[in-house]
Amino acid sequence: MFFASDNTSGAAPEVMAALTAANEGAARSYGTDALMDLVTDRLRRTFEAPEAAVYLVATGTAANALALSMLCPPWGAVFCHRLAHIAEDECGAPEFYTNGAKLVLVDGAHGKMAPEDLRAVLARTGAGGVHGVQRGALSLTNVTEAGTVYTAAEIAALAAEAKTFGLPVHLDGARFANAIVATGAKPAEMTWKAGVDILSFGGTKNGCLGVEAVVIFDPAKAWEFELRRKRGGHLFSKHRFLSAQMAAYLDEGLWLRLARQANDAAGRLAAGLTAKGVVQSHKVQANMIFAEWPAGTADRLGAAGAQLYSWPLDDGREGARLVTSWSTRDRDVDAFLAAL
Ligand SMILES: *Cc1c(COP(=O)(O)O)cnc(C)c1O
(Lines give C-alpha, C1' and ligand atoms only; values in the text may rest on other atoms or scores of the structure.)
Protein backbone atom coordinates (compact mmCIF):
# COMPACT_ATOMS: atom_id res chain seq x y z
CA MET A 1 0.00 0.00 0.00
CA PHE A 2 2.62 2.48 -1.17
CA PHE A 3 0.75 5.68 -1.97
CA ALA A 4 3.36 8.24 -0.88
CA SER A 5 4.50 8.91 -4.45
CA ASP A 6 4.66 7.28 -7.84
CA ASN A 7 8.43 7.23 -7.39
CA THR A 8 8.07 4.46 -4.80
CA SER A 9 7.31 2.18 -7.75
CA GLY A 10 9.99 0.08 -9.38
CA ALA A 11 10.91 0.20 -13.05
CA ALA A 12 8.73 -1.53 -15.61
CA PRO A 13 9.97 -4.96 -16.81
CA GLU A 14 10.25 -3.65 -20.38
CA VAL A 15 12.60 -0.92 -19.17
CA MET A 16 14.72 -3.35 -17.16
CA ALA A 17 14.91 -5.70 -20.16
CA ALA A 18 16.08 -2.81 -22.32
CA LEU A 19 18.78 -1.97 -19.79
CA THR A 20 19.98 -5.56 -19.76
CA ALA A 21 20.05 -5.61 -23.56
CA ALA A 22 21.93 -2.29 -23.62
CA ASN A 23 24.52 -3.79 -21.31
CA GLU A 24 25.75 -6.15 -24.05
CA GLY A 25 29.02 -5.12 -25.64
CA ALA A 26 30.39 -1.61 -26.03
CA ALA A 27 28.63 1.59 -27.02
CA ARG A 28 29.70 5.15 -27.71
CA SER A 29 29.63 7.46 -24.70
CA TYR A 30 28.32 10.92 -23.73
CA GLY A 31 25.07 10.76 -25.67
CA THR A 32 26.52 9.72 -29.01
CA ASP A 33 25.20 6.16 -28.55
CA ALA A 34 22.99 4.66 -31.26
CA LEU A 35 20.13 4.23 -28.80
CA MET A 36 20.04 8.00 -28.35
CA ASP A 37 19.39 8.38 -32.07
CA LEU A 38 16.42 6.10 -31.57
CA VAL A 39 15.21 8.18 -28.62
CA THR A 40 15.51 11.41 -30.60
CA ASP A 41 13.61 9.87 -33.48
CA ARG A 42 10.86 8.51 -31.23
CA LEU A 43 10.40 11.77 -29.33
CA ARG A 44 10.36 13.81 -32.54
CA ARG A 45 7.66 11.52 -33.92
CA THR A 46 5.71 11.54 -30.66
CA PHE A 47 5.69 15.35 -30.71
CA GLU A 48 5.36 15.76 -34.50
CA ALA A 49 8.43 17.95 -34.22
CA PRO A 50 11.03 16.68 -36.69
CA GLU A 51 13.51 19.43 -35.77
CA ALA A 52 13.24 19.25 -31.99
CA ALA A 53 16.42 18.83 -29.96
CA VAL A 54 16.21 16.12 -27.33
CA TYR A 55 18.46 15.51 -24.34
CA LEU A 56 18.37 13.15 -21.37
CA VAL A 57 19.15 13.77 -17.73
CA ALA A 58 18.54 11.63 -14.67
CA THR A 59 16.32 13.82 -12.51
CA GLY A 60 13.37 16.09 -13.01
CA THR A 61 15.08 18.80 -11.01
CA ALA A 62 17.98 18.81 -13.48
CA ALA A 63 15.59 18.86 -16.42
CA ASN A 64 13.61 21.78 -15.00
CA ALA A 65 16.57 23.82 -13.78
CA LEU A 66 18.53 23.39 -17.02
CA ALA A 67 15.46 24.18 -19.10
CA LEU A 68 14.78 27.36 -17.13
CA SER A 69 18.41 28.43 -17.40
CA MET A 70 17.86 28.41 -21.18
CA LEU A 71 14.80 30.63 -20.96
CA CYS A 72 15.36 33.16 -18.20
CA PRO A 73 18.24 35.62 -17.58
CA PRO A 74 19.69 36.10 -14.07
CA TRP A 75 17.70 39.32 -13.61
CA GLY A 76 14.47 37.72 -14.81
CA ALA A 77 11.37 36.37 -13.11
CA VAL A 78 10.14 32.84 -13.67
CA PHE A 79 6.36 32.91 -13.21
CA CYS A 80 5.01 29.72 -11.70
CA HIS A 81 2.16 28.50 -9.51
CA ARG A 82 2.59 28.85 -5.77
CA LEU A 83 2.64 25.05 -5.40
CA ALA A 84 5.04 24.47 -8.30
CA HIS A 85 7.66 21.78 -7.82
CA ILE A 86 10.30 24.28 -8.97
CA ALA A 87 9.26 26.56 -6.09
CA GLU A 88 8.64 23.99 -3.37
CA ASP A 89 10.77 20.94 -4.04
CA GLU A 90 13.98 21.74 -5.89
CA CYS A 91 16.12 23.32 -3.19
CA GLY A 92 16.70 26.48 -5.22
CA ALA A 93 18.07 24.61 -8.25
CA PRO A 94 16.13 26.79 -10.74
CA GLU A 95 17.50 29.92 -9.08
CA PHE A 96 20.99 28.41 -9.02
CA TYR A 97 21.05 27.25 -12.63
CA THR A 98 19.61 30.53 -13.91
CA ASN A 99 22.26 32.40 -11.93
CA GLY A 100 19.74 33.94 -9.63
CA ALA A 101 16.47 34.41 -11.46
CA LYS A 102 13.55 35.02 -9.09
CA LEU A 103 10.52 32.77 -8.90
CA VAL A 104 7.39 34.89 -8.87
CA LEU A 105 4.43 32.92 -7.57
CA VAL A 106 0.96 32.99 -9.06
CA ASP A 107 -2.01 31.85 -6.98
CA GLY A 108 -4.82 29.73 -8.30
CA ALA A 109 -7.29 27.15 -7.05
CA HIS A 110 -6.55 23.44 -7.43
CA GLY A 111 -2.95 23.91 -8.49
CA LYS A 112 -3.88 25.78 -11.65
CA MET A 113 -3.32 29.38 -12.73
CA ALA A 114 -6.11 31.35 -14.35
CA PRO A 115 -5.08 33.52 -17.34
CA GLU A 116 -6.37 36.71 -15.68
CA ASP A 117 -4.35 36.04 -12.51
CA LEU A 118 -1.22 35.37 -14.54
CA ARG A 119 -1.91 38.52 -16.58
CA ALA A 120 -2.10 40.65 -13.44
CA VAL A 121 1.21 39.33 -12.09
CA LEU A 122 2.88 39.72 -15.47
CA ALA A 123 1.62 43.30 -15.76
CA ARG A 124 3.05 44.43 -12.43
CA THR A 125 6.41 42.65 -12.66
CA GLY A 126 9.15 44.85 -14.01
CA ALA A 127 7.05 47.97 -13.62
CA GLY A 128 9.69 49.48 -11.30
CA GLY A 129 12.27 49.58 -14.05
CA VAL A 130 15.86 48.83 -13.15
CA HIS A 131 15.04 48.30 -9.47
CA GLY A 132 13.07 45.07 -9.91
CA VAL A 133 13.48 41.80 -11.74
CA GLN A 134 12.31 41.79 -15.32
CA ARG A 135 9.81 39.41 -16.88
CA GLY A 136 11.66 36.21 -17.78
CA ALA A 137 9.71 33.04 -18.47
CA LEU A 138 6.54 31.16 -17.62
CA SER A 139 6.74 27.67 -16.12
CA LEU A 140 3.63 25.47 -15.97
CA THR A 141 3.22 21.96 -14.57
CA ASN A 142 1.01 19.27 -16.08
CA VAL A 143 -0.19 17.09 -14.27
CA THR A 144 -0.26 19.90 -11.67
CA GLU A 145 1.03 19.51 -8.13
CA ALA A 146 -2.61 19.25 -6.99
CA GLY A 147 -3.23 16.30 -9.27
CA THR A 148 -5.40 18.33 -11.62
CA VAL A 149 -4.83 18.58 -15.32
CA TYR A 150 -4.61 21.48 -17.76
CA THR A 151 -6.22 20.86 -21.12
CA ALA A 152 -4.20 21.76 -24.19
CA ALA A 153 -6.46 24.80 -24.63
CA GLU A 154 -5.77 25.95 -21.06
CA ILE A 155 -2.01 25.62 -21.64
CA ALA A 156 -2.42 27.63 -24.85
CA ALA A 157 -4.39 30.36 -23.05
CA LEU A 158 -1.69 30.74 -20.38
CA ALA A 159 1.12 30.61 -22.91
CA ALA A 160 -0.66 33.35 -24.87
CA GLU A 161 -0.50 35.63 -21.82
CA ALA A 162 3.24 35.03 -21.61
CA LYS A 163 3.69 35.58 -25.35
CA THR A 164 1.97 38.96 -25.02
CA PHE A 165 5.13 40.01 -23.21
CA GLY A 166 7.40 38.01 -25.51
CA LEU A 167 8.15 35.44 -22.84
CA PRO A 168 9.12 31.82 -23.46
CA VAL A 169 7.22 28.97 -21.82
CA HIS A 170 8.48 25.89 -19.97
CA LEU A 171 6.31 22.91 -19.13
CA ASP A 172 7.24 20.64 -16.21
CA GLY A 173 5.94 17.32 -17.45
CA ALA A 174 7.19 15.03 -14.70
CA ARG A 175 3.76 13.40 -15.14
CA PHE A 176 3.25 14.39 -18.78
CA ALA A 177 2.12 10.87 -19.73
CA ASN A 178 -0.61 10.95 -17.08
CA ALA A 179 -1.80 14.32 -18.43
CA ILE A 180 -1.92 13.03 -21.99
CA VAL A 181 -3.90 9.97 -20.92
CA ALA A 182 -6.23 12.14 -18.83
CA THR A 183 -7.00 14.64 -21.58
CA GLY A 184 -6.61 12.56 -24.71
CA ALA A 185 -4.69 15.49 -26.20
CA LYS A 186 -1.94 14.92 -28.70
CA PRO A 187 1.55 15.60 -27.29
CA ALA A 188 2.06 18.31 -29.93
CA GLU A 189 -1.20 20.04 -28.98
CA MET A 190 -0.20 20.05 -25.32
CA THR A 191 3.24 21.53 -26.06
CA TRP A 192 4.62 23.43 -29.04
CA LYS A 193 1.26 23.98 -30.71
CA ALA A 194 0.11 25.56 -27.43
CA GLY A 195 3.20 27.75 -27.19
CA VAL A 196 5.51 25.61 -25.03
CA ASP A 197 9.17 26.15 -25.88
CA ILE A 198 10.85 23.56 -23.68
CA LEU A 199 9.30 20.48 -22.06
CA SER A 200 10.62 18.40 -19.17
CA PHE A 201 9.28 15.01 -20.19
CA GLY A 202 9.14 12.66 -17.21
CA GLY A 203 10.09 9.01 -17.28
CA THR A 204 11.15 8.08 -13.76
CA LYS A 205 7.80 8.23 -11.97
CA ASN A 206 6.04 6.36 -14.73
CA GLY A 207 8.11 3.20 -15.02
CA CYS A 208 11.68 4.20 -15.81
CA LEU A 209 14.59 3.66 -13.46
CA GLY A 210 15.82 7.23 -13.64
CA VAL A 211 15.55 9.31 -16.80
CA GLU A 212 13.82 12.49 -17.94
CA ALA A 213 13.96 14.02 -21.39
CA VAL A 214 14.32 17.70 -22.15
CA VAL A 215 12.55 18.44 -25.42
CA ILE A 216 13.60 21.76 -26.96
CA PHE A 217 11.32 22.76 -29.79
CA ASP A 218 13.71 25.39 -31.17
CA PRO A 219 16.74 23.45 -32.48
CA ALA A 220 18.84 26.64 -32.52
CA LYS A 221 19.10 26.27 -28.73
CA ALA A 222 20.56 22.76 -28.87
CA TRP A 223 24.24 23.58 -28.49
CA GLU A 224 23.67 25.92 -25.56
CA PHE A 225 21.78 23.15 -23.78
CA GLU A 226 24.60 20.69 -24.39
CA LEU A 227 27.07 23.08 -22.83
CA ARG A 228 24.83 23.82 -19.86
CA ARG A 229 24.15 20.12 -19.23
CA LYS A 230 27.85 19.26 -19.26
CA ARG A 231 28.81 22.27 -17.15
CA GLY A 232 26.08 21.39 -14.68
CA GLY A 233 27.41 17.87 -14.27
CA HIS A 234 24.47 16.13 -15.91
CA LEU A 235 26.07 14.64 -19.02
CA PHE A 236 26.33 10.91 -18.36
CA SER A 237 29.34 9.14 -19.81
CA LYS A 238 27.60 5.74 -19.95
CA HIS A 239 24.68 7.54 -21.49
CA ARG A 240 23.37 4.43 -23.24
CA PHE A 241 21.72 3.43 -19.97
CA LEU A 242 19.64 6.60 -20.02
CA SER A 243 18.87 6.14 -23.71
CA ALA A 244 17.85 2.50 -23.25
CA GLN A 245 15.25 3.42 -20.67
CA MET A 246 13.74 6.22 -22.71
CA ALA A 247 13.77 4.17 -25.93
CA ALA A 248 11.86 1.37 -24.21
CA TYR A 249 9.51 3.84 -22.54
CA LEU A 250 8.51 5.26 -25.93
CA ASP A 251 8.32 1.88 -27.68
CA GLU A 252 4.82 0.87 -28.75
CA GLY A 253 3.14 3.33 -26.44
CA LEU A 254 4.51 1.83 -23.22
CA TRP A 255 4.59 5.32 -21.63
CA LEU A 256 0.87 5.76 -22.25
CA ARG A 257 -0.02 2.22 -21.17
CA LEU A 258 1.80 2.69 -17.86
CA ALA A 259 0.18 6.07 -17.25
CA ARG A 260 -3.25 4.63 -18.00
CA GLN A 261 -2.67 1.97 -15.35
CA ALA A 262 -1.71 4.64 -12.84
CA ASN A 263 -4.69 6.86 -13.68
CA ASP A 264 -7.09 3.91 -13.60
CA ALA A 265 -5.79 2.88 -10.17
CA ALA A 266 -6.39 6.44 -8.93
CA GLY A 267 -9.90 6.31 -10.34
CA ARG A 268 -10.58 3.10 -8.44
CA LEU A 269 -9.16 4.55 -5.25
CA ALA A 270 -11.05 7.83 -5.61
CA ALA A 271 -14.32 5.99 -6.21
CA GLY A 272 -13.71 3.86 -3.13
CA LEU A 273 -12.98 6.94 -1.03
CA THR A 274 -16.07 8.70 -2.30
CA ALA A 275 -18.16 5.64 -1.45
CA LYS A 276 -16.83 5.93 2.12
CA GLY A 277 -17.73 9.60 2.24
CA VAL A 278 -14.12 10.81 2.18
CA VAL A 279 -13.94 14.39 0.93
CA GLN A 280 -11.39 15.06 -1.80
CA SER A 281 -9.84 18.53 -2.03
CA HIS A 282 -9.34 18.51 -5.80
CA LYS A 283 -10.90 16.73 -8.72
CA VAL A 284 -9.08 13.46 -9.35
CA GLN A 285 -8.05 13.69 -12.97
CA ALA A 286 -4.83 11.71 -13.17
CA ASN A 287 -2.96 9.66 -10.56
CA MET A 288 -3.04 11.84 -7.45
CA ILE A 289 -5.70 12.10 -4.77
CA PHE A 290 -5.93 14.67 -1.99
CA ALA A 291 -8.17 13.40 0.81
CA GLU A 292 -9.51 15.13 3.90
CA TRP A 293 -10.39 13.08 6.95
CA PRO A 294 -10.30 13.11 10.77
CA ALA A 295 -6.92 13.79 12.40
CA GLY A 296 -4.99 10.63 13.23
CA THR A 297 -6.31 8.68 10.25
CA ALA A 298 -2.97 8.66 8.44
CA ASP A 299 -1.17 7.33 11.52
CA ARG A 300 -3.66 4.52 11.86
CA LEU A 301 -3.38 3.71 8.16
CA GLY A 302 0.38 3.77 8.58
CA ALA A 303 0.12 1.25 11.40
CA ALA A 304 -1.91 -0.91 9.03
CA GLY A 305 0.93 -0.80 6.51
CA ALA A 306 -0.02 2.09 4.25
CA GLN A 307 2.41 4.80 3.16
CA LEU A 308 1.20 8.29 2.35
CA TYR A 309 1.88 11.94 3.06
CA SER A 310 -0.37 13.77 5.51
CA TRP A 311 -0.54 17.16 7.22
CA PRO A 312 -2.81 18.96 9.68
CA LEU A 313 -5.60 21.09 8.20
CA ASP A 314 -6.64 24.43 9.71
CA ASP A 315 -9.98 23.03 10.86
CA GLY A 316 -8.35 20.28 12.95
CA ARG A 317 -8.87 17.55 10.40
CA GLU A 318 -6.08 16.00 8.34
CA GLY A 319 -5.13 16.28 4.68
CA ALA A 320 -3.43 13.44 2.86
CA ARG A 321 -1.92 12.86 -0.55
CA LEU A 322 -2.27 9.49 -2.23
CA VAL A 323 -0.41 8.78 -5.46
CA THR A 324 -0.86 5.70 -7.61
CA SER A 325 1.63 4.42 -10.14
CA TRP A 326 1.87 2.06 -13.10
CA SER A 327 2.58 -0.71 -10.58
CA THR A 328 -0.36 -0.10 -8.24
CA ARG A 329 -2.52 -3.23 -8.24
CA ASP A 330 -6.27 -3.39 -7.68
CA ARG A 331 -5.61 -5.44 -4.59
CA ASP A 332 -3.38 -2.70 -3.14
CA VAL A 333 -6.21 -0.22 -3.59
CA ASP A 334 -8.78 -2.61 -2.14
CA ALA A 335 -6.55 -3.43 0.84
CA PHE A 336 -6.13 0.28 1.53
CA LEU A 337 -9.87 0.91 1.37
CA ALA A 338 -10.49 -2.05 3.68
CA ALA A 339 -7.92 -0.69 6.16
CA LEU A 340 -9.57 2.73 6.01
C1 LIG B 1 8.76 14.46 -9.18
C2 LIG B 1 8.61 15.75 -9.84
C3 LIG B 1 9.71 16.34 -10.49
C4 LIG B 1 11.08 15.71 -10.55
O5 LIG B 1 11.66 15.50 -9.33
P6 LIG B 1 13.09 14.82 -9.12
O7 LIG B 1 12.99 14.28 -7.75
O8 LIG B 1 14.12 15.86 -9.27
O9 LIG B 1 13.27 13.76 -10.16
C10 LIG B 1 9.51 17.54 -11.14
N11 LIG B 1 8.31 18.13 -11.16
C12 LIG B 1 7.24 17.59 -10.56
C13 LIG B 1 5.92 18.28 -10.64
C14 LIG B 1 7.35 16.40 -9.86
O15 LIG B 1 6.29 15.89 -9.26
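Out of the stretch 207-232, which residues are open to solvent by 60 Å² or more (accessible area, probe 1.4 Å) and either outside the structural domain of Phe47 (by TED's automatic domain parsing) or not in a helix (DSSP H, G or I) (or both)?
Leu209, Asp218
Which ones in the stretch 203-235 are among the small types (Gly, Ala, Ser) and under 23 Å from Phe47 (Cα atoms)? Please lay out each step first, then the result.
First, the residues of the stretch 203-235 that are among the small types (Gly, Ala, Ser): 203, 207, 210, 213, 220, 222, 232-233.
Answer for the stretch 203-235, where residues must be among the small types (Gly, Ala, Ser) and under 23 Å from Phe47 (Cα atoms): Gly203, Gly207, Gly210, Ala213, Ala220, Ala222.
Please give the number of the condition Ala26 fails out of (1) touching a residue at least 12 places away in the same chain (Cβ under 8 Å); (2) at negative phi.
Of the numbered conditions (1) touching a residue at least 12 places away in the same chain (Cβ under 8 Å); (2) at negative phi, the odd one out for Ala26 is (1).
Condition test on Gly305, is it on the phi > 0 side of the Ramachandran plot, of a type outside the set (D, E, K, R), at pLDDT 95 or above and touching a helix residue (DSSP H, G or I) at 6+ places or on another chain (Cβ under 9 Å)?
Taking the combined requirement at face value, the residue satisfies it.
Of all residues in the stretch 276-303, how many are small (Gly, Ala, Ser) and either in contact (Cβ under 8 Å) with a residue 60 or more places away in the chain or touching a Ser or Thr at 6+ places or on another chain (Cβ under 6 Å) (or both)? Reasoning before the result, please.
Of all residues in the stretch 276-303, those small (Gly, Ala, Ser) come to 277, 281, 286, 291, 295-296, 298, 302-303.
Narrowing the set further to residues that are either in contact (Cβ under 8 Å) with a residue 60 or more places away in the chain or touching a Ser or Thr at 6+ places or on another chain (Cβ under 6 Å) (or both) leaves 281, 286, 298.
Here the count works out to 3.
Somewhere in the stretch 50-68, is a residue surrounded by fewer than 21 Cβ atoms within 10 Å (Cβ to Cβ), away from the ligand (no atom under 16 Å from the Cβ) and in a helix (DSSP H, G or I)?
Scanning the stretch 50-68 turns up no residue that is surrounded by fewer than 21 Cβ atoms within 10 Å (Cβ to Cβ), away from the ligand (no atom under 16 Å from the Cβ) and in a helix (DSSP H, G or I).
Tell me the residue from Thr164, Thr144 that is within 15 Å of the ligand (Cβ to nearest atom) and touching a residue at least 40 places away in the same chain (Cβ under 8 Å), please.
After applying the criteria, what remains is Thr144.
The values are calculated or read from the model by the stated rules, or taken from the named source; none is laboratory data. Here the structure is a predicted model, which is why all the values come from computation and not from measurement. Using ideal geometry, Cβ is built from the backbone for each residue, glycine included, and neighbour counts are taken over all protein chains shown. Only protein heavy atoms, including side chains, enter the accessible area calculation; ligands, DNA and RNA are left aside. Shrake-Rupley method; radii C 1.70, N 1.55, O 1.52, S 1.80 Å.
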